[in-house]
Every structure is written in structure tokens, then in C-alpha cells.
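Working notes, structure below.
Since every read-out is calculated from the coordinates, none of them should be taken as a lab result. Not measured: the values here are computed from a predicted model. Positions of Cβ are generated from backbone atoms using ideal geometry, with glycine treated the same way; all protein chains shown enter the neighbour counts.
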Amino acid sequence: MTKSDFDYDEKNDILYIHKHVKAKGSVNIGDFVIDISHNGRLAGLEIMNASKTISKFISKRVTKKMLTGIKKAGIHADYEGNAIYVYYMLVLTQKNMEINDRLPVPMPMAVSS
């Protein structure tokens, strides 16, 4: 998992985990926005309604307050056949919780710019 930078907007409940790579475009899938670099690789992951979305995917309650205490975040992608698997990892200070999840994305991807 690549250690990444992150920003959390508590008011709008939006979490953005990103690498130090410029994005060419993005793919929207529900509450997820996947940023793609110029070479077709993962550049960032934005999670809208982050507390509710993450809670739903991991079947554990994650609050806005918990997300304001992120210690570490990372993203990674595996490219397999006609799919990309986007992985994200969060380490939260509250309850010393670590979250690891993946988001399968069908390919080919039409990247919007």
C-alpha cells in the first residue's frame, strides 16, 4: 500500500486520498471518484459521504469525528484483465482502528477530463 496524502472535509463529509501525481481525468462510481493519471494509473480516490459510505462497505460504524482523526492513509491499484481493483487503507486515532477495503472497477474505463 502506497502511503498517500489525504484531506478530509468534515462539513461536507468528503475524504480525498491522493498520490503526488497529476490527474488527467476521473471515473465516478456511486460515492467514489477515482482520479486517473496521464499514464492511466491511479492518482487519487475521493469518497463522498465518507462516514456513511465507509461504514456501509466495512459493516462497522465510522463517524465524521473518527475521520477527522486519520493518522495515516494509503491507496493502491491492481490491474487485472478487464478490471482495476482500487484499495484504500486508513488508520484512525479513535479506537486505534485500521480500515482496509477494495473497490473493483470494470475496464475499459472512459476517463472524463
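Couple of notes before you dig in:
- Gly74 vs. criteria surrounded by fewer than 17 Cβ atoms within 10 Å (Cβ to Cβ) and either under 17 Å from Ile99 (Cβ atoms) or in contact with a strand residue (DSSP E or B) (Cβ under 9 Å, 6 or more places away or on another chain) (or both): no
- Every residue from segment 51-100 that is in a strand (DSSP E or B), among the charged types (D, E, K, R) and within 21 Å of Ile29 (Cα to Cα): Asp78, Glu80
- Pairs are defined by a Cβ separation below 7 Å, a sequence spacing of at least 6 or placement on different chains, a first member in segment 70-93 that is without any contact (Cβ under 8 Å) to a residue 40 or more places away in the chain, and a second member that is hydroxyl-bearing (Ser, Thr, Tyr) and not in a strand (DSSP E or B); the pairs so defined are Lys71/Thr93.
- Among the residues making up segment 1-31, those that are surrounded by 13 or more Cβ atoms within 10 Å (Cβ to Cβ), over 23 Å from Lys65 (Cα atoms) and either of a type in the set (D, E, K, R) or touching a helix residue (DSSP H, G or I) at 6+ places or on another chain (Cβ under 8 Å) (or both) are Lys19, Lys24.
- Extreme residue, farthest from the chain's Cα centre (by Cα), among residues of segment 1-50 that are polar (S, T, N, Q) and in a loop (DSSP other than H, G, I, E, B): Asn39
- Per the conditions (1) hydrophobic (A, V, I, L, M, F, W, C); (2) closer than 20 Å to Lys72 by Cβ; (3) touching a residue at least 24 places away in the same chain (Cβ under 8 Å), the sole criterion not satisfied by Ile36 is (2).
- Of all the residues in segment 39-52, those that are within 15 Å of Leu67 (Cβ to Cβ) and either touching a residue at least 40 places away in the same chain (Cβ under 8 Å) or of a type in the set (A, V, I, L, M, F, W, C) (or both) number 4.
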